[in-house]
Amino acid sequence: MTLLRGLAIFFLLVALYCGLDPFHHSPIAHFPEFQSKRVDLPPWSDIPTDQDKHNLLQKSEIKFLNEVQGPESIAFDPLGRGPYTGLADGRIVFWNSHSWLDFAYTSPNRSEICNPVASATPFSYVKTEHICGRPLGLRFDKKTGDLFIADAYFGLLKVGPEGGLATSLVTEAEGIPLKFTNDVDVDGEGNVYFTESSAHYQRRNFLQLVFSGDDSGRVLKYNLVTKETTVLFRNIQFPNGITLSKDGSFFVLCEGVVGRLRKYWLKGEKAGTSEILATLPGFPDNVRVNEDGDFWVALHCRRYMYPYYMGLYPKIRKIILKLPIPLKFHYMLQIGGHQHAVVMKYSPEGRILQILEDSEGKVVRAISEVEEKDGRLWIGSVLMPFVAVYNLK
């Protein structure tokens, strides 16, 4: 009886500890207004099972190892120079064929705390990125050479071909400050399209955003002539990457939590309406159009049964998130236990054209963007300290 009584007391103490979380180890302990919403998921049978059984991404070349921390977006200027990329320390840098040069900044408040440190990782800068800036999506205007920047904290900005401190264009829309600006694209008619992933969560809390199913995300348009900002699409669960079609008649949007590509028509009879272009096998980050008009999608990871059912049952999800389990553990459950990478190419009609994968994460993992140039894929990652290059030929 003494043993049974001891076990009963032990399990009671464990239950109390889990219920009270006295040391605030729960991922949502510091988010008293946290809400858990149902994710608008497709039927499991609709999720593609296509795989790259040869793990072709493992043939990628790792470049600039430990020279670039968290290079989310990759861009080349109208003259073909680059790549340019935004880093975790808030800088936008340019590769001049020999070395990386500082090109631009998004924060007017940079100080010594923003200086890059040789031993740092992309995670080292999270505590100061709201001060130093965190440039995510990058796009060049092919006519002017201006670089448009979606900074997670400083909104939509622009910098000229000479670089320097970027000029702020948009920091709020409809009276609501931008909380988490993510990606951007620009057409040839003076319109800039960009995404706001959430009106409630900042980038440094992106995992809480994913776990919440928050649907306050928006897609916006800024007119360079009239200086007007228009909300085109709202109530999205983590809108992420955005890219215009080759002819500019529509844009493609990544719905990050749901795992979909959505087509939004800008011209023609369907202008102002949207439709699902494709259901994805995982969680997308950025999407980029190539010269043929097809779309490369970078998937941070595949979707597994655990996050699928957690998305469908928000009450159970919130109970689990209240337990004193470290955030990293929840993240590993979300991605299937290990970091890996999936790249998908889709036609403008939503047909799968190609799939590249590193299912083991041996070479490429946690990717954010795929930019095609001269027969090669330049692959960025918001979490890794390198750029990967895959030869398509």
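In segment 364-382, what count of residues is obtained for those that are surrounded by fewer than 18 Cβ atoms within 10 Å (Cβ to Cβ) and either in contact (Cβ under 8 Å) with a residue 60 or more places away in the chain or of a type in the set (Asp, Glu) (or both)?
2
Please go through segment 162-198 and pick out each residue that is part of a loop (DSSP other than H, G, I, E, B) and under 17 Å from LEU224 (Cα atoms).
Residues satisfying the conditions are ALA166, THR171, ASP187, GLY188, GLU189, GLY190.
Could you grab the pairs with beta carbons closer than 9 Å, sequence gap of 6+ or different chains, first residue in segment 49-66 and free of Cβ contacts under 8 Å to residues at least 60 places away in the same chain, second one of a type in the set (Asp, Glu) and surrounded by 12 or more Cβ atoms within 10 Å (Cβ to Cβ)?
LYS53/GLU357; HIS54/GLU357
In segment 247-265, how many residues are in a loop (DSSP other than H, G, I, E, B) and either surrounded by 22 or more Cβ atoms within 10 Å (Cβ to Cβ) or without any contact (Cβ under 8 Å) to a residue 60 or more places away in the chain (or both)?
Within segment 247-265, residues that are in a loop (DSSP other than H, G, I, E, B) and either surrounded by 22 or more Cβ atoms within 10 Å (Cβ to Cβ) or without any contact (Cβ under 8 Å) to a residue 60 or more places away in the chain (or both) number 6.
Please verify whether GLU174 is surrounded by fewer than 17 Cβ atoms within 10 Å (Cβ to Cβ) and among the acidic types (Asp, Glu), treating the condition exactly as stated.
Judged against the criteria, GLU174 is a match.
Please state which of the following conditions PHE76 fails to meet, knowing it meets all the rest: (1) over 20 Å from the mean Cα position of the chain (by Cα); (2) of a type in the set (Phe, Trp, Tyr); (3) surrounded by fewer than 21 Cβ atoms within 10 Å (Cβ to Cβ).
(1)
If we keep just the residues of segment 293-332 that are of a type in the set (D, E, K, R) and touching a residue at least 12 places away in the same chain (Cβ under 8 Å), which is farthest from VAL382 (Cα to Cα)?
Result: LYS315.
Regarding TYR331, is this residue under 21 Å from the mean Cα position of the chain (by Cα), assigned to a strand (DSSP E or B) and either of a type in the set (Phe, Trp, Tyr) or over 30 Å from SER245 (Cα atoms) (or both)?
So TYR331 fails the test.
Read-outs: derived from the displayed coordinates by stated rules, not from any lab. Here the structure is a predicted model, which is why all the values come from computation and not from measurement. Please note: Cβ atoms are built from the backbone with ideal geometry, for glycine as well, and neighbour counts cover all protein chains shown.
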